[in-house]
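Chemist: Take this structure, written in structure tokens, and hold onto it; I'll ask about it next.
Only the coordinates and a few stated rules stand behind these numbers; no lab work does. The structure presented is a predicted model; accordingly, all values stated were derived computationally and were not measured. With ideal geometry, Cβ positions are generated from the backbone for all residues, glycine too; neighbour counts draw on all protein chains shown.
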Amino acid sequence: MPDHSSLSPTPSFVYNLNLDVLATLATQARNGDIACVVDPVPKLGSFNVVYFLEFADGVRWVARIPISPWSEALRKRMSLDRIALDFVGTKTTIPVPRILDSSTTEDNPLGRPYTLTTFLPGTQLAKLWFDPSWFNDQRRTTVFTSLAGLMSQLSSHEFPSIGQLDIDSMTHAHFVGPFYPSFDAISEGETSPEPIYGPYQSTHVYLQSMIALQLNKETRTTDIADLQLLRTFAGMLPDAALDGAPFFLSHPDFNYQNILVDADGDVTGLIDWDGATVGPRQSAFARYPSWITRDWDPLMYGYREVSKSGDDDAEDLSREAQQEDSPETLSHFRDEYFAIFTRLNPDHGRLTRYSHVLEALEIAIQLPFTRNNILDKLTKYVYGGNDDDEIEFLSFVTLSQRLSTAPWLRDTVGEGKLLAGGEYV
């Protein structure tokens, strides 16, 4: 799922972190005979502070330190993320950071949990995609071909259920366990390491369970109505033929800021696997990259129509300025990626075609602030619509308003719950 969170402010511990200790830990991890220095200017992410280290022989490493205070929930989260990253690194040739040393507690000389990994070469694709001096048809095709080939490797590793990848400490066999608190939940104060739901043997059951969890927390009538409408789409949109196993490991944020490429567009790294889960095949290895499905998350999609001047240079500059592709361009990109993925992976190509619809559905379930806009998109997709203002079509607003005042909703969720969120009409 795309990252909708903003970057965190600099956490207070950064100002007191002893970078000499961090350098010593890295040197010890390399048998203690090669000194290194730490770049004192960190990169801040949503959940981690990242430092870059360079050894005397030119080797570079990366240190990642969680922003959230240590807790048992964070320890469990880091352990599961390590398992998933190690699995990808050892079972495929996908270029991912390899873990060299880590601590999931504060009981270490640094006084913070940390992970040291290899450094991957390349440039973030997010810095190049809208650069007219780099972006062209050949490089775009190279990016898609390289990415589709790498992601196809995950199709060789099947799992029987939906959940989080874990490992048996005695047999070292991988298995799928339940979902544990996310980094979002931990950053909001969750400290318990106990599982919260799952695992699931069905895509349908998984989606409906996620909606039920949201319904249990809602009291406003309109929000309940929106979730009930979302429940309808969750029941009808996923392909019933793909409801059960096998399931596959999935990158949690398959977006261009997490993809590194070389000058030609070949992928040199897929980073930030924190929060990786085992899920439906349509939203795992076969899915579209998230930056070419942005129009299906309307709240986050910032494209603005520009006048057609006929000047290609002017249109390139406009694209660069707003850092968005038009809906028509995104649709073309999806067709191109679909054709490339199908050519490379003919047995699974059909999974890609409508994967962006399931992605939008999952975003709407998990992120309430995106829900109204995605529901409107899904309503028009399912029931049809027309952009002509003179022609009235069935819209999300119409459905939701009628649902929120219908006797069925009162009978389904209870009049008391409805009254808590607004009088039933």
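Chemist: Which of rounded, prolate, oblate describes segment 232-385, given a ≥ b ≥ c as roots of the alpha-carbon gyration tensor eigenvalues and a/c under 1.5 marking rounded, otherwise prolate only if a/b is larger than b/c? Don't jump to the answer; show the numbers that get you there.
Modeler: Details: a/c = 1.69, a/b = 1.23, b/c = 1.37.
Verdict is oblate for segment 232-385.
Chemist: Please give the contour-minus-distance gain from L242 to E328: 0.36 nm per residue of separation, less the Cα-Cα distance, rounded to one decimal in nm.
Modeler: Details: separation 86, 0.36 × 86 = 30.96 nm, distance 2.86 nm.
Extra length available between L242 and E328 comes to 28.1 nm.
Chemist: Treating only the Cβ atoms of Lys and Arg (+1) and Asp and Glu (-1) as charged, compute the dipole magnitude of the chain about its Cα centre; round to the nearest 20 debye. Intermediate values should be presented prior to the final figure.
Modeler: Values: 33 positive and 58 negative charges, 211 e Å.
Computed charge dipole of the chain: roughly 1020 debye.
Chemist: In whole Hz, what ³J(HN,Hα) sequence does segment 145-152 give by Karplus (6.51, -1.76, 1.60; θ = phi - 60°), x for Gly and Pro?
Modeler: With coefficients 6.51, -1.76 and 1.60, one gets 5, 5, 5, 4, x, 5, 5, 4 Hz.
Chemist: Right, next: Could you tell me which residue out of W134, F183, F144 lies farthest along the dipole of the chain toward its positive end? Charges go on the beta carbon: Lys and Arg +1, Asp and Glu -1, centred on the Cα centre.
Modeler: F183
Chemist: Work out, step by step, the length gained on full extension between F55 and V41: first 0.36 nm times the residue separation, then minus their alpha carbon distance; give nm to one decimal.
Modeler: On the way: separation 14, 0.36 × 14 = 5.04 nm, distance 1.67 nm.
Extra length available between F55 and V41 comes to 3.4 nm.
Chemist: Using a Gaussian network model of the chain whose springs link C-alpha atoms within less than 10 Å, name the residue from Q257, Q282, Q322 with the highest mean-square fluctuation.
Modeler: Q322
Chemist: Place a point 7 Å from Cα of A212 in the direction of its Cβ. Which residues in segment 235-264 have their backbone N less than 18 Å from it?
Modeler: It comes to 235-236, 244, nothing else.
Chemist: If you don't mind, another one. S192 to S12: FRET efficiency via 1/(1 + (r/R0)^6), r the Cβ-Cβ distance, R0 22 Å, to the nearest 0.05? Write down the numbers at each step before the final one.
Modeler: Working: r = 24 Å, r/R0 = 1.10.
After rounding, the FRET efficiency stands at 0.35.
Chemist: For segment 366-375, in order, what is each residue's ³J(HN,Hα) by Karplus, 6.51 cos²θ - 1.76 cosθ + 1.60 with θ = phi - 60°, in whole Hz (x at glycine and Pro)?
Modeler: Taking θ as phi minus 60°, the curve returns 8, 10, x, 5, 8, 5, 4, 5, 5, 4 Hz for segment 366-375.
Chemist: Going by the alpha-carbon gyration tensor, a ≥ b ≥ c the square roots of its eigenvalues, is segment 91-168 rounded (a/c under 1.5) or, if a/c is not under 1.5, prolate (a/b greater than b/c) versus oblate?
Modeler: On the way: a/c = 3.13, a/b = 1.44, b/c = 2.18.
Oblate is the answer for segment 91-168, as a/c is 1.5 or above yet b/c matches or exceeds a/b.
Chemist: Only loop residues by DSSP count here, and only those with at most 13 other Cβ atoms within 10 Å; note down the chymotrypsin sites (Phe, Trp or Tyr not before Pro) in segment 219-295 that meet that. Don't jump to the answer; show the numbers that get you there.
Modeler: Values: sites: F233, F247, F248, F254, Y256, W273, F285, W291; in loops: F254, W273, F285.
Sparse-neighbourhood loop chymotrypsin sites (Phe, Trp or Tyr not before Pro): none present.
Chemist: Starting at the first residue of segment 350-355, write each ³J(HN,Hα) from the Karplus equation 6.51 cos²θ - 1.76 cosθ + 1.60 with θ = phi - 60°, in whole Hz, x for Gly and Pro.
Modeler: Couplings: 5, 5, 6, 3, 10, 5 Hz.
Chemist: Kirkwood Rh over alpha-carbon pairs of segment 172-306, then Stokes-Einstein at 25 °C and 0.890 mPa s: what D in µm² s⁻¹, rounded to an integer? Walk me through the numbers on the way to the answer.
Modeler: Working: Rh = 17.7 Å.
The estimated diffusion coefficient comes to 139 µm²/s.
Chemist: Between K127 and D262, with labels modelled 7 Å along Cα→Cβ, what's the label distance in nm to one decimal, could you check?
Modeler: In this crude spin-label approximation the distance works out to 1.8 nm.
Chemist: Multiply the residue separation of F119 and D168 by 0.36 nm, subtract the distance between their alpha-carbon atoms, and state the gained length in nm to one decimal.
Modeler: Details: separation 49, 0.36 × 49 = 17.64 nm, distance 2.87 nm.
Full extension of this stretch gives 14.8 nm more.
Chemist: Show the residues, 5+ positions off or on another chain, whose built amide H is closer than 5 Å to the amide H of S102.
Modeler: L116
Chemist: List the residues whose amide H sits under 5 Å from the amide H of F247, counting only those 5 or more places along or on another chain, with H placed 1.01 Å from N in the peptide plane.
Modeler: Excluding prolines and chain starts, which carry no amide H, the hits are F159, S161.
Chemist: At each listed q (0.07, 0.11, 0.13 Å⁻¹), what is the log10 of I(q)/I(0) that the Debye formula gives for the chain modelled as equal alpha-carbon point scatterers?
Modeler: Here log10 of I(q) over I(0) equals -0.38, -0.95, -1.28.
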